[in-house]
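Here the structure comes first, spelled out in structure tokens, and everything after it is commentary.
The values are calculated or read from the model by the stated rules, or taken from the named source; none is laboratory data. Everything quoted here is computed from the prediction, not taken from an experiment. We place every Cβ from the backbone using ideal geometry, glycine too, and count neighbours over all the protein chains shown.
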Amino acid sequence: MGRTCKRKFAAIGQNHDRFDVKKAFQTIPLAGFLCLTPLLAGADGHGLAMHGAPELSTDFTHLPYADPNAPKGGEVVFGEIGGFDNLNPYILKGTYPWEVRTQTFESLMTRNWDEAFTLYGLLAERVEVADDRSWIIFHLNAAARFSDGTPVTVEDVMFSIQVLSEKGRPPYFNSMKSIAAMEPVGERGVKFTFADADREAPLIVALRPILKKAEWEGRVFGDTTLTPIIGSGAYVVDEFEAGRSITLRRNPDYWGKDLPINAGVDNFDTLRIEYFRDGAALWEAFKGGEVSVFRDGDSGRWRNGYDFAAANEGRITRSEVPHSRPTGMTGFVFNTRNPLFQDLRVREALTLAFDFEWIQKTMLAGANKRIPSYFGNSALAHEGAATEAERGLLAPFEASLPEWILDAATEPPVSQADGRNRRNLRKATALLKDAGWRLIDGKLVNDAGEPFRFEILLRYSTNEKVAGVFTEALKRLGVSVSVRLIDSAQHASRLTNYDFDMIFHGWSLSLSPGIEQRKYWGGAEGQAPGSRNHMGVDDPAVDAMIEALVQSRTRDELVAAARALDRVLSAGRYVIPFWYAPASRIAHDAELAYPEQTPLYGDWTGFSPDVWWRVPSE
């Protein structure tokens, strides 16, 4: 989605303790328009927030994490695994370089990655929006131009929304389902009316990439192409060798280079992407100086693997970029449709048996942190005793919730990291006994003499060692566990039909969570095959917190609902949580630099390479 995706609406989004949230929308009408609908942002409608009002004022000069004095020039080289055979990033066919999408195309508005989910004008210089979000009008910037110098028009906007909805890749093809009508307003305005009032719908439309309509006359949009597509972004495709490399060149005539939103952004003259057959080849290329940036996901290598010439001589720097994104939830997932796991005491016992501290010590080089909760590491995470707002939301369900849920946070158990985990295993044994399980001849059985036995299903071998440590601990409890590695097709089929006992899975969560939460843990969703509610959560309290979250109009309301949801899900012990990296680990050419202040999202789209620069040679 180009600068669309550069400040991409993610599945991801996040929150922050620094927010000074306003609780009501401002009601200053746009001058020059005969309507009384209140504005959602400042007087000139320069921004649009999912909740509350935008943080940046109408006279902001640059993004808080961009350096407006950053030097321009030089090249940065990225490495990717695989190849590409298509330069149209918006269709299902073929494989495209993601940098083409993020650097050469733009949207009507763009993200500030230091706010949860707030957009500011790009191709559209200002907006009008209904208080209930039932419609929005985008007013195009008169200066907006495609890279060939032609103006961006209302027709281009309407064509883009239409063609992406009909022929684009997910999630574009669902766009028109929420749009009841779109129509021109004056010379440079376009109005979208939505089928239902939806807080998120105007922001989704605002982030759709805008294509040049005339370019597609007589062409089939769904076909792959190696002819560069015209966009309006800061970069254009310069040269490429299909499947092997591509170079993007900064357009000296880029129309938006003087916009405040772009101050200190797009600093490199060229972005080059080289493709490699696998991760090992990419790592060797970085060590040899062929690649400028390497994002290192191997905690052991990060700690001990940089004993080579370029690193020892100071030509490579290792940077850790912190973030405030929610951890999401990743780990071993209980299928509570299985009677074996329907008792909370059983799930708690097995969670106690998972020795994270030992795994951290022996496998992770001590470089990661345990996932504390679904919205951990963010302002949406529940902490300590419930707030007054949380208590108000949870009060109708208090009788069905664990008695301690409002008085303390649910945290993962902690071991002594000695490999024995005796204290937690003793607690687990007591819980299993309370749940009706007995240890007879070294085997855990119920009153009917049936053994406690289940299977852990894995798609990749990555977590086999972790599963091995877990199964050994469970043997000490008398639990019999088998670990089965299956191919992708089998895995997908079994997940669709909930044909598993326990799986490894993860959910990425946002600082602006919305209707996707119904798909993740909604009770109704979990009854139908193929949902993402893999654990089978079916709890009225969870459903109610999701609805409170979806209906939130202010940031305060959203935070309270998210924390209450986080509290209930965590207390349910539906997942044995794994770990997360609190900072992105980036090894890079020592001549590359970035601003001291980093955004909430950390090393996310919109940060690298957007606000980085190459230090000029002396």
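Brief remarks on what is shown
- Taking the range 291-322 as the range and being under 24 Å from the mean Cα position of the chain (by Cα), farther than 19 Å from TRP612 by Cβ and not small (Gly, Ala, Ser) as the test, the residues that pass are ASP298, TRP302.
- Of the listed requirements (1) under 30 Å from ALA353 (Cα atoms); (2) part of a helix (DSSP H, G or I), SER584 misses just one: (2).
- Criterion: more than 30 Å from ALA560 (Cβ to Cβ), of a type outside the set (Lys, Arg), out of contact with any Ser or Thr (no Cβ under 7 Å at 6 or more places or on another chain) and in contact (Cβ under 8 Å) with a residue 40 or more places away in the chain - qualifying residue of LEU393, LEU350, LEU380, LEU364: LEU350
- Enumeration of residues in the range 479-526 that are without any contact (Cβ under 8 Å) to a residue 60 or more places away in the chain and within 16 Å of PHE375 (Cα to Cα): GLN517, ARG518, TYR520, TRP521
- Matching helices (runs of 4 or more DSSP H) fully within the range 480-566 where at least 1 residues are over 20 Å from the mean Cα position of the chain (by Cα) and modelled with pLDDT of 95 or more: 488-496, 540-550
- Positions within the range 245-285 being aromatic (Phe, Trp, Tyr) and over 30 Å from THR58 (Cα atoms), in sequence order: TYR275, PHE276, TRP283
- GLY331 vs. criteria within 30 Å of LEU511 (Cβ to Cβ), of a type in the set (Gly, Ala, Ser) and part of a loop (DSSP other than H, G, I, E, B): no
- Across the range 567-577, the number of residues qualifying as among the hydrophobic types (A, V, I, L, M, F, W, C) and assigned to a helix (DSSP H, G or I) comes to 3.
- Residue check for ASP434: within 34 Å of the chain's Cα centre (by Cα) and either more than 21 Å from GLN360 (Cβ to Cβ) or not assigned by TED's automatic domain parsing to the domain that holds MET535 (or both): no
- Members of the range 180-228 found to be part of a strand (DSSP E or B), in contact with a helix residue (DSSP H, G or I) (Cβ under 6 Å, 6 or more places away or on another chain) and either of a type in the set (A, V, I, L, M, F, W, C) or not assigned by TED's automatic domain parsing to the domain that holds LEU108 (or both), listed by number: MET182, VAL190, PHE192, PHE194
Per-residue answers, yes or no, for (1) of a type in the set (Ser, Thr, Tyr); (2) buried (at least 18 other Cβ atoms within 10 Å of the Cβ):
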site: GLY279; (1), (2): no, no
site: TRP283; (1), (2): no, yes
site: GLY297; (1), (2): no, no
site: THR327; (1), (2): yes, yes
site: THR336; (1), (2): yes, yes
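- Residue ID - surrounded by the fewest Cβ atoms within 10 Å (Cβ to Cβ), chosen from residues in the range 441-457 that are assigned to a strand (DSSP E or B) and in contact (Cβ under 8 Å) with a residue 40 or more places away in the chain: GLU455
- Consider the range 587-610 and keep the residues that are part of a loop (DSSP other than H, G, I, E, B) and in contact with an Asp or Glu (Cβ under 7 Å, 6 or more places away or on another chain). The one that is surrounded by the fewest Cβ atoms within 10 Å (Cβ to Cβ) is PRO595.
- A residue that is buried (at least 18 other Cβ atoms within 10 Å of the Cβ), out of contact with any Leu (no Cβ under 7 Å at 6 or more places or on another chain), charged (D, E, K, R) and not in a strand (DSSP E or B) can be found somewhere in the range 340-350.
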